[in-house]
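The values are calculated or read from the model by the stated rules, or taken from the named source; none is laboratory data. Predicted model, so just to flag it, every value in this text is computed and none were measured. We place every Cβ from the backbone using ideal geometry, glycine too, and count neighbours over all the protein chains shown. These accessible areas exclude ligands, DNA and RNA; they are computed on the full protein's heavy atoms, side chains included. Shrake-Rupley method; radii C 1.70, N 1.55, O 1.52, S 1.80 Å.
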Amino acid sequence: MPKVLISDKMDPKAAQIFRERGVEVDEITGKTPDELKAIIGQYDGLAIRSSTKVTKDILSAATNLKVVGRAGIGVDNVDIPAASAAGVVVMNTPFGNSITTAEHAIALMFALARDLPEADKSTQAGKWEKNRFMGVEVTGKTLGLIGAGNIGSIVADRALGLRMKVVAFDPFLSPERAIELGVEKVELDDLLARADFITLHTPLTDQTRNILSAEALAKTKKGVRIVNCARGGLIDEAALKEGLDSGHIGGAALDVFVSEPAKESPLFGTPNFISTPHLGASTSEAQVNVAIQVAEQMADYLVSGGITNALNVPSLSAEEAPRLKPYMALAEKLGSLVGQLTRGAVPRISIHTEGAATELNAKPIVSAVLHGFLRTQTDTVNMVNAPLLAKERGIEVREVKTEREGDYHTLLRVSVKTDAGERSVAGTLFGDAAPRVVELFGIKVEADLAGPMLYVVNEDAPGFIGRIGSLLGQAGVNIGTFHLGRRTAGGEAVLLLSVDEPVTPELIAQVRDLAGVKTAMALAF
């Protein structure tokens, strides 16, 4: 009989579900890392929340461990690469607390609108300052959503019910999905200029870090009220304080901070500022939901081999896995490549298999492409929920098969429809195992996709390779591999460089300043 350890406090229904499905369970919470390490070897599964840290050290002692289940979204406390290397499946419950987090954002919006915390404090102090707390109605006001994914769409629905006008900035929101949600799709500057309230619902990535920077906050409507229940780091906290102190920003409510637990912050004590200790997922209903879901998922895997909401493996049968593994690696890399190189809404993704690839189960390959593409936008995507997230974002997914062989024994092409037209990348397997990209937006180029890379589009002219090589050398950046392709002699050329360490934004700016460079950006695989 499989055996599971619940190492963090969790709703009792989780243990009940494990037992009902034929899984032995122990509930032992509050253990130190050394204490956990001493007992983890006897368990097949580990069910956690945020307290238990599943480190490489813990995993090294977990000789029987097959699955780690996180009751919630975030898996920062799990060393996923180490778990993958140990053959341990890592699962989460990405949608169990979406409603709860959305409702907390709405609650904070109301608290800002009516200055509820300060009014409560004043009244309980016996002051009765009725004229001091002049709030505003939300009815008729404009709510600006930064991020219109799962949680953002729920906030939009609630706001529309409050008779607010909702505008949304999300580069990956299609016009069709915006109509379905009842929101107006806008650019960020337009949102900043129009919104009376702003709520953030986006993961923290290189593209979204400090999305509300000092420059962005300066563009906001005077008196704007800002709510963040998503991730710390989306707002420049120092600039936010300056805006509150100056009165340009009418109020701000943060449930998340750059550094947590946030026991100290320059924002604390600032007028018109409200803070809560990362309570977005903290309701009894959400805790029951995620406990039930993680128990069901883990029990299914341990008893029958079913894999749901796994972050490091696809949904595969034991027979398919060995043959599909290299194709899925290629599919994810191509999806990530096109995702990193594409800007704006993508209403359609086409996955075209040719030759030997057409004989395979297409579902895992499609999921791998979508996983690679969407993980450039969100940190809650995995092989299982990628198709659902694509559907929620209004992305049409097309599958095309061509059984005849072309230039390659097997070929996988990923094409996206954008405002600028159709763009595609293609790849193959060398030796039936090594993924390689062989075409990039119509230009033939053969390259591995691994680690940090530099992507450059330039005019094909003498001396360019020397100039970029010298620039990278002066910056102390070592080149691992160098791949070049061009449309025609003297025409447009593409350069893919693998480097030993990520290229900094400052160096990217210097590359863009080189003569003949049209585009330059850092890639990561």
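Given (1) surrounded by fewer than 21 Cβ atoms within 10 Å (Cβ to Cβ); (2) touching a residue at least 24 places away in the same chain (Cβ under 8 Å), identify the lone condition not met by T29. Only one criterion is unmet by T29, namely (2).
Scan the range 492-499 and give yes if some residue there is surrounded by fewer than 16 Cβ atoms within 10 Å (Cβ to Cβ) and out of contact with any helix residue (DSSP H, G or I) (no Cβ under 9 Å at 6 or more places or on another chain), otherwise no.
Within the range 492-499, not a single residue is surrounded by fewer than 16 Cβ atoms within 10 Å (Cβ to Cβ) and out of contact with any helix residue (DSSP H, G or I) (no Cβ under 9 Å at 6 or more places or on another chain).
Taken over the range 126-141, the criterion of being under 26 Å from T199 (Cα atoms) and either touching a Cys at 6+ places or on another chain (Cβ under 6 Å) or among the polar types (S, T, N, Q) (or both) is satisfied by T139 alone. For the range 246-305, which positions are more than 27 Å from the chain's Cα centre (by Cα), of a type in the set (V, I, T) and farther than 30 Å from E20 by Cβ? Matches in the range 246-305: I249, T270.
Here is a check on your reading of the model: is P347 within 22 Å of the chain's Cα centre (by Cα), surrounded by fewer than 21 Cβ atoms within 10 Å (Cβ to Cβ) and closer than 30 Å to F441 by Cα? Yes. The number of residues in the range 218-243 being crowded, with 20+ Cβ neighbours inside 10 Å and under 24 Å from F133 (Cβ atoms) comes to 9. For the range 329-344, the candidate set comprises residues that are in contact with a Pro (Cβ under 6 Å, 6 or more places away or on another chain) and either of a type in the set (S, T, Y) or open to solvent by less than 30 Å² (accessible area, probe 1.4 Å) (or both); within that set, the residue that is nearest to K185 (Cα to Cα) is G344.
Annotation for the range 389-399: at least one member residue is closer than 27 Å to F95 by Cβ, within 16 Å of the chain's Cα centre (by Cα) and hydrophobic (A, V, I, L, M, F, W, C).
Just checking, which of T376, T353 is among the hydroxyl-bearing types (S, T, Y), closer than 22 Å to G149 by Cβ and not in a helix (DSSP H, G or I)? Exactly one of T376, T353 is among the hydroxyl-bearing types (S, T, Y), closer than 22 Å to G149 by Cβ and not in a helix (DSSP H, G or I), namely T376. Considering each residue of the range 249-258 in turn, at least one proves to be of a type in the set (D, E) and either part of a strand (DSSP E or B) or in contact with a strand residue (DSSP E or B) (Cβ under 9 Å, 6 or more places away or on another chain) (or both). Among the residues in the range 404-424, are any more than 31 Å from the chain's Cα centre (by Cα), of a type in the set (G, A, S), modelled with pLDDT under 90 and open to solvent by less than 60 Å² (accessible area, probe 1.4 Å)? Yes, the range 404-424 contains a residue that is more than 31 Å from the chain's Cα centre (by Cα), of a type in the set (G, A, S), modelled with pLDDT under 90 and open to solvent by less than 60 Å² (accessible area, probe 1.4 Å).
Within the option set R467, R512, being out of contact with any Ser or Thr (no Cβ under 6 Å at 6 or more places or on another chain), over 18 Å from L334 (Cβ atoms), in contact (Cβ under 8 Å) with a residue 12 or more places away in the chain and open to solvent by 50 Å² or more (accessible area, probe 1.4 Å) holds for one residue only, R467.
When the residues of the range 269-290 are filtered to those that are open to solvent by 30 Å² or more (accessible area, probe 1.4 Å) and among the polar types (S, T, N, Q), the one that is nearest to I249 (Cα to Cα) is N272.
When the helices (runs of 4 or more DSSP H) confined to the range 164-237 are screened for residues that are touching a Ser or Thr at 6+ places or on another chain (Cβ under 8 Å), those reaching at least 3 such residues are found at 188-194.
Taking residues in the range 236-261 that are touching a residue at least 40 places away in the same chain (Cβ under 8 Å), and partners anywhere that are of a type in the set (D, E), the pairs with Cβ atoms closer than 8 Å and at least 6 places apart or on different chains are G251/D115. Within the range 116-134, the set of residues being in contact with a strand residue (DSSP E or B) (Cβ under 6 Å, 6 or more places away or on another chain) and open to solvent by 80 Å² or more (accessible area, probe 1.4 Å) is empty.
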